[in-house]
Structures are given as C-alpha cells and as structure tokens.
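Structure record follows, encoded as structure tokens.
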Amino acid sequence: MKKAFPAFMLFILVAAVPACHFHLDLLGPDKLQEKVLVPSKAKDKILVIEVEGVITSSGGPGLLSREKNPVARVTERLDAARLDKSVKAVILKLDTPGGEVTASDIIHHEITRFKKETGRPVVSMMMGTAASGGYYIAMAGDYVIAHPSTVTGSIGVISIFPDFHLLMSKFGVQVNVIKSGQAKDSGSPFRAMTDEEKDLFQAIINDYYARFLEIVTANRGKKMSGDEIRGLADGRVFTAGQALKAGLIDKTGYFEAASRKALELAGINSAKIVTYTYDPGGKTNVYAGMLKAPATPDEGYLESLLPRLRSGFYYLWLPEPGKR
C-alpha cells in the first residue's frame, strides 16, 4: 500500500525550485472579484474599502495572499471602482492605529482624487480604532461616522530613535562611522543624539504636524475653528462620543448608518453593498475583516507592531508599553 505524499512536502518542493518552468497557483485567481455583502435587487452598488492594521507602503499581509500593502490595496480598489459605473458611493471602513506619514498621505490623496474625478461620495466609517493616520485618512471622506465604541483622534506625529550605545559599551562594542558631513548619521542608534540633531528632527516633525492640521481643517473647518482644532491636536485619543462633542466627527452609529448616508449622498434609494477581494469565499458580511493585524492596543499590539516599524516619521498612535 502506497503512502500518501504529504501536502507540506509538495509546498517545500515548489518553493525550492523557483527556476522551474511550471506554474502552480496556490492563491486563487490573480484578479479582484466582486463579493456581495448585503444583497439588493437594485443595480446600483456601494463599495466597501477596508483600511486595516498599520498603514504602510511596503510589504503585505502574508506569503499565501495576493493582497498588497494598504496603499496599493486601496488604490487598486479605487481604480476598479472608477471602471464600474454602477458603484455610486464608497464606504471607507477604517480600523487602524495609523502608520507611515507618506503612506497615510497617499491614501488620503487617492481618495480625494477619486472623488474629484468621479463625483462619487465617500463615507468614512470608523470601527474599533481610527487614530492618527487613520483619522488623517478619514478626513478624505464627505461624512465621518464612528462606531459608538471607536477610539479616534491622536492628531500628531511621532518618530522613534532607539539608542543602544550604553548597552553596547557594557559589552565593549564600538561602531566606527566615517561620514561625509556632521549630520550624516543623525538618529543613529549607536550614539546619543545631540541637541542640534533633536532640533533638526523636531523641525521635520513640525512640518508634518502642520500638514496634518491642514488636512483636518479642510474637513472640519466648517464646524471648528483653527484654534479649536489645534487645542485638540496634542496627540490625545478620544472616544466616539467625545469626538462627536468636540466636532471631530459627524455622527456616531453602526454600519447601517454609514450605508444610509452613502445612499443619501449618492442620491439613490437602494443599492447592494459590495467589496472587491481576492478571496470571495472569505468575505461573508460587512464585518468580515480582510486582515489579521491587530488594530487596537490590546495584548500583543506592540509586539506585533514594533517589528513593522522602520526609521521614519509616523502618524501613529503608539501607547507606551504598560500604560493603557
């Protein structure tokens, strides 16, 4: 009696011979497919686009997935929506603590460009967390709704520079640096940062912070003064109720509130709720998440987040470990 060939051995063989001229597709069709989340007899559609986990322009969620990084993922779906005239509105479903400054800004820009080119409305729907870069992206929406238990806000910029030089000195480890200019190794983890370097990085932070304030003011300026916005933009987070009272969002509610608003802004009475996915079998309703990355500062949040942080500047809610 022949023994069955283990499936994991087949995977190892395929991975070990990348130069062979054959194709074994373990990931399914290499194209986005439409998945109906809420059926309707109407021909019109409302598209749900998800922004989940840390916002970055690099990498992806995993080896066995065709999904791309958040910037590419959102842009890809907006491009597909442009071609589908039956998509009358977009609901941006946000569950993210934020992420890279540039990645957040690109997504905001792409959503704004989509609205301008198509004339179709976008409703920002905040789920568990839509903080910092998540709030920044939400500002591209025509209307901002937060789930009653959402944590949002954290308007501000952060950059982290580890310093290992004291630890290295205990083990007698030295790093020799040859550089073309005095500031070339600014932010190096192998030595203490000088006051001049701190001022240099603070100036960069200030520029990015000013950009954040501009984005918020463009969306909330009719409901809040510039001084009111700056008074709330110290990095603190807000509950949905607090954000509503402060004027940072338009409404608290659930997904059905977002869909009703999308219908209203699109000027239609009914529509099916759809999404675009590479795995239509894995999407069963509007709350079926696409990614597994934690978006709130629960157990395992920092442990999963820190390996993804690179040197750079972030619109990111980054609670200090041990202080919730």
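Summary of values
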{"item": "Selection status of residue 129, among the β-branched types (Val, Ile, Thr) and surrounded by fewer than 19 Cβ atoms within 10 Å (Cβ to Cβ)", "result": "no"}
{"item": "Of the criteria (1) within 20 Å of residue 156 (Cα to Cα); (2) buried (at least 24 other Cβ atoms within 10 Å of the Cβ); (3) modelled with pLDDT of 95 or more; (4) not hydroxyl-bearing (Ser, Thr, Tyr), which one residue 100 fails", "result": "(3)"}
{"item": "Extreme residue, modelled with the highest pLDDT, among residues of the stretch 54-71 that are within 28 Å of residue 88 (Cβ to Cβ) and part of a loop (DSSP other than H, G, I, E, B)", "result": "69"}
{"item": "Failed item, numbered, when residue 55 is tested on (1) aliphatic (A, V, I, L, M); (2) surrounded by fewer than 24 Cβ atoms within 10 Å (Cβ to Cβ); (3) under 20 Å from residue 318 (Cα atoms)", "result": "(2)"}
{"item": "Lone qualifier among 315, 278, 287 - being at pLDDT 55 or above, over 26 Å from residue 58 (Cβ atoms), under 20 Å from the mean Cα position of the chain (by Cα) and not hydrophobic (A, V, I, L, M, F, W, C)", "result": "287"}
{"item": "Enumeration of residues in the stretch 243-252 that are assigned to a loop (DSSP other than H, G, I, E, B) and more than 21 Å from the chain's Cα centre (by Cα)", "result": "247"}
{"item": "Unmet requirement for residue 88, which otherwise passes all of (1) outside any helix (DSSP H, G or I); (2) of a type in the set (D, E, K, R); (3) farther than 19 Å from residue 263 by Cβ", "result": "(3)"}
{"item": "Number of the condition not met by residue 182 [criteria: (1) part of a loop (DSSP other than H, G, I, E, B); (2) on the phi < 0 side of the Ramachandran plot; (3) under 28 Å from the mean Cα position of the chain (by Cα)]", "result": "(3)"}
{"item": "Candidate set: the stretch 143-161, residues that are in a strand (DSSP E or B) and hydroxyl-bearing (Ser, Thr, Tyr); chosen: the one nearest to residue 185 (Cα to Cα)", "result": "152"}
{"item": "Matching residues in the stretch 104-127 - criterion: being under 20 Å from residue 276 (Cβ atoms) and either in contact with a His (Cβ under 9 Å, 6 or more places away or on another chain) or of a type in the set (A, V, I, L, M, F, W, C) (or both)", "result": "106, 107, 111, 114, 122, 123, 125, 127"}
{"item": "Filter pass, residue 112 being in contact with a helix residue (DSSP H, G or I) (Cβ under 9 Å, 6 or more places away or on another chain), farther than 20 Å from residue 285 by Cα, surrounded by fewer than 21 Cβ atoms within 10 Å (Cβ to Cβ) and among the β-branched types (Val, Ile, Thr)", "result": "no"}
{"item": "Among (1) farther than 17 Å from residue 91 by Cβ; (2) surrounded by 11 or more Cβ atoms within 10 Å (Cβ to Cβ) - the single one residue 147 does not satisfy", "result": "(1)"}
{"item": "Unique residue being surrounded by 17 or more Cβ atoms within 10 Å (Cβ to Cβ) and either in contact with a Gly (Cβ under 6 Å, 6 or more places away or on another chain) or touching a residue at least 12 places away in the same chain (Cβ under 8 Å) (or both) when the list is 183, 192, 218, 233", "result": "233"}
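The values are calculated or read from the model by the stated rules, or taken from the named source; none is laboratory data. Treat the numbers as computed from the prediction; the structure is a model and nothing was measured. We place every Cβ from the backbone using ideal geometry, glycine too, and count neighbours over all the protein chains shown.
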